[in-house]
Amino acid sequence: MSSPPRDEIVARLRPTVAQTVAEVGFDLEELDVQQSGRRRQLKVVIDADDGVDLDGIADVSRALSEVLDEYDHVLVGSYTLEVTSPGVDRPLTKRRHWRRARNRLARILLTDGGEFLGRVGRAEESGVWVLADGRVRRLIYGDIERAVVEVEFQQPPAEELVKLDRAADVAADGDGNDTEESR
C-alpha cells in the first residue's frame, strides 16, 4: 500500500488530534509529520493557559496513542509519537499566545518596520497592551509582523506591571489619555 503525501496525512489527522488534545485539556499548537527512515515521526505541540507539565504530556500521549491506532490506514506503517510543548522562541501569533505571555518581555517587529522590546499587558480581541520605553501603547494584531518572548532571568519590575494594568483598565473605562494606539 502506498503512503499518502505528508500534507494529506496532516490534514486527515488534524481534526482528530485537535479534538483528542482538547478533551485532555490542552490546545493543539502544531501537528507535523516527517518521514524518518522507514518510520514516520508525528510531532504534536500542545499548550495551555497554565503551561504544560510532564504529566500533561503523558496524558496527551496516552490518549493520542489510543486514537491513532484507528488511523493505521493513514499512517501506513510504524510511527513515533512525540508530544511536546512550544519552546520559548515560539512566535506570538494568536491572541491566546499573547494572553499567555502577559507580563513577559517580547521583541516586537511592526509591519511598518518599527521594532522594539516591550512588556506584554492585557490581550484583547483585536490588540494587545504593551509597555515600551516608559509608554503604554495598544497594538493592533494586524500591525504586528512578528513577536517573540525574550528570556528574562529575574522578575519584572512591579512598577511596570502596575503601569500596564492601570493603562488597560483606564482604556477599558473609555479614557485612554495616557496611552497611544498603533494605526
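What follows draws every value from the coordinates through simple rules; no lab data is involved. Note that the coordinates shown come from a computational prediction; the quantities given were computed from them, not determined experimentally.
Worth a mention:
- Expected 222 nm ellipticity per residue - DSSP helices of 4 or more, -39500 (n - 2.57), all of the chain, to 500: -10000 deg cm²/dmol
- Rg over Rh for the chain works out to 1.09, both radii taken from alpha-carbon positions and Rh defined as the Kirkwood radius.
- For E29, distant residues with modelled amide H under 5 Å away: V45, I46, D47
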